Structure formats: C-alpha cells, structure tokens
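Input: a single structure, listed below in structure tokens.
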Amino acid sequence: MGRFSIVLLVGLVGLALQPASAQPLIERDVVLNPFWETPTVAEGERRFVHSYGGWAGLATYAGLRDNDHQWNHQIGGFLELGRWGDTASLLITTQIEFIADPNNDINFNPRAIFWEEGLLYTRRMGAGFWQLGYYHRCKHDIDNLSLGEERTLIYGSFKHRLLWPTTLPGAEDGYLAWTTDVYSIRQDTRTPPNDQLPNVNQKLLSTGLQAHTRRATGEQSGLFATVYGNATLYSETTGFFDRFGSVKNVRAQGGVSAGLSVRGGAALRLAVTYEYLADTGIPVEPQDGHLLRIGLTALSLNGLR
C-alpha cells in the first residue's frame, strides 16, 4: 500500500500549491482511449463503428460545498467511428455534468448543466498514444427564474493529449496523461452584466496532467486513485488572434479521487473526490469552491480508465 499512498500524497501536495482554477472540464477524472480492451484489427485492415463505451455517476456533496452544489450527476459515452489496423482510431463522444443545489423542499433543485461533444483521433506511438481532436463545451443555468440572474458559457477547444500506460509494482491499469486545450469559441454571457474575473472570453489555453493507478485486493476488488490538475492561461484581450500576444494571468484547477473499484464485465467505483475550483462556472459573479463529493460511477472497461 506504500506506493498507492504516495500517489495520493503527491496529488494532495500538488493541490495545496495551486493558486486558483478555471471552469471544470467533464473529462477530468477519466480518460478515453479506444485501444483499451477493445477488439483488435489486423494491420492493413479497417473497421467502421468498431466499438463503443460509456460511464455514468451519481454523487452527493458533503462537508465541503457551496450553495450551488448538493448533487452531481455525470453521464458520457463514445462511439468509435473507424479503426485502421492496430494503429489509428477516430471516435465521437458526448458528455454531460448536471449540478443540483439543495434549495427546495426536497433538497434537489436543478441548478446547471455542463455539456461536451467531441471528435477525437488516436494514434498508437510505441507503448504510448497520441490524441488530437476538437471539443465543443457549453454551460447553461436551470430553473433560475427566481434568482433573476443567468450565466451562459461556451468554451470549445482543440485538444491534444499524450498518454502513457504506467504500472507501479503490484498495481495495474495505470496511466499518465498530458493534455492541452487551445480554446477557440469563447463566450461568457452574464445577466446582469459584470466584469468580475475570471472571464471565459479571455481563455487562451489549458494544460495539465492526469495520473491513475489501481491495486487489486481480491479477484475482482481493488483500490484506485486518480489525480488531476491543469493550469489555464488568460490573455489581456478577447480577440481570436490578438489574444496570443499577451498573458494576463494563470490559474489552476485540480482534484484527487480515490476509493474502491470492483471489476467484472464493467467497472464500478465508490469514490471520495475533492477538487478546488476558483470559478465554479455557475454564479453570475464568479466564485471559487472547495468541493468534496461521495458517489458511485459505473464505466465500461473498453476505452475508459
């Protein structure tokens, strides 16, 4: 258990050193790779609609939360459009993160929804993988009439990822991923309007790391840990091209998720997840949040870790 504890400790230390955060990316504690546990294709052959997979999770915030967070529901999936030998793949993915607050008589009041849709190309490079794609993202408020305010976000990006399988002694299913998102379409519409930072209109790029490991404790059971974090650069200007000429500030986000994993035909995770966000993306005046949630996530073994 020593090395497993080291992974958690490194993640927590890293979070303590991070100054702030950007808006959350749904695919922040899982990684898509269509070459994981899917049927192989012989070199020189190609297959269309070759594989698919997905995940769904439900969690409640406890101990550390703000007035906008009581429940978290995530659902995502992918469809591999094509596979070329054992070398290259192209997939589409769609993902939703739903947030509910406790501010009604049943403590479940829909508050916001984050949406991602992406096209992702993956190429095998030796023992690792190279990924390139485009993700469209948006966030919308739900049932906000009584609040008299609204914040709508759009932050699509060109995604680049390098992915390396890693295995600590006595562990399995490990990976290290380095991901960079260069933002294209950016919109931060606020009613009533305000100029409080951070502002999605000034997003330039995000770059960061994810690490995952699992240690078996039985035939199907195990313990897992996932650590993730990235830094987001904001420019002085909002224009598409002139924003690359200056950097106004740098903010960071991160989290750590750990718990019990049970594997059969799919995987089930019971996890405790902590993350810090300097802008949760929900209030019309950006607010930070230390968030702790406990929940269950089910995911397919093919294509997901």
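The values are calculated or read from the model by the stated rules, or taken from the named source; none is laboratory data. Everything quoted here is computed from the prediction, not taken from an experiment. Positions of Cβ are generated from backbone atoms using ideal geometry, with glycine treated the same way; all protein chains shown enter the neighbour counts.
Things to note:
- Checking each residue of segment 68-84 against the condition of being over 28 Å from LEU291 (Cα atoms) and either in contact with a Cys (Cβ under 8 Å, 6 or more places away or on another chain) or at pLDDT below 95 (or both) gives no match.
Residue-by-condition table, conditions (1) assigned to a strand (DSSP E or B); (2) of a type in the set (A, V, I, L, M, F, W, C):
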{"position": "THR179", "(1), (2)": "yes, no"}
{"position": "SER184", "(1), (2)": "yes, no"}
{"position": "GLN187", "(1), (2)": "yes, no"}
{"position": "GLN196", "(1), (2)": "no, no"}
{"position": "LEU204", "(1), (2)": "yes, yes"}
{"position": "GLY218", "(1), (2)": "no, no"}
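- Scanning segment 56-74 for residues that are without any contact (Cβ under 8 Å) to a residue 40 or more places away in the chain, crowded, with 17+ Cβ neighbours inside 10 Å and not in a loop (DSSP other than H, G, I, E, B) yields a total of 1.
- Subset of segment 235-248 that is out of contact with any Leu (no Cβ under 6 Å at 6 or more places or on another chain) and free of Cβ contacts under 8 Å to residues at least 40 places away in the same chain - its residue that is nearest to HIS160 (Cα to Cα): PHE241
- Selection count where residues are of a type in the set (A, V, I, L, M) and farther than 30 Å from PRO34 by Cα, scope segment 259-291: 4
- Unique residue being under 28 Å from LYS203 (Cβ atoms), buried (at least 20 other Cβ atoms within 10 Å of the Cβ), modelled with pLDDT of 95 or more and under 16 Å from the mean Cα position of the chain (by Cα) when the list is GLN23, GLN95: GLN95
- Residue match in segment 201-216 (condition: over 24 Å from HIS160 (Cβ atoms), buried (at least 16 other Cβ atoms within 10 Å of the Cβ), aliphatic (A, V, I, L, M) and touching a Leu at 6+ places or on another chain (Cβ under 6 Å)): no
- Filter pass, TYR228 being touching a Phe, Trp or Tyr at 6+ places or on another chain (Cβ under 7 Å) and among the aromatic types (Phe, Trp, Tyr): no
- Scope segment 93-131; condition closer than 19 Å to VAL41 by Cα, assigned to a strand (DSSP E or B) and touching a residue at least 24 places away in the same chain (Cβ under 8 Å); matching residues: LEU120, TYR121, THR122, ARG123, ARG124, GLY128, PHE129, TRP130, GLN131
- Selection within segment 217-244: residues that are small (Gly, Ala, Ser) and closer than 25 Å to TYR274 by Cβ. The member of this set that is surrounded by the fewest Cβ atoms within 10 Å (Cβ to Cβ) is SER221.
- Residues located in segment 142-171, provided they are in a loop (DSSP other than H, G, I, E, B), of a type in the set (A, V, I, L, M) and either touching a residue at least 12 places away in the same chain (Cβ under 8 Å) or touching a strand residue (DSSP E or B) at 6+ places or on another chain (Cβ under 7 Å) (or both): ILE142, LEU168, ALA171
- Hey, LYS159 closer than 28 Å to GLY259 by Cβ and of a type in the set (Lys, Arg) or not: yes
- The set of residues from segment 143-175 being among the aliphatic types (A, V, I, L, M) and surrounded by 14 or more Cβ atoms within 10 Å (Cβ to Cβ) comprises LEU153, ILE154, LEU162, LEU163, LEU168, ALA171.
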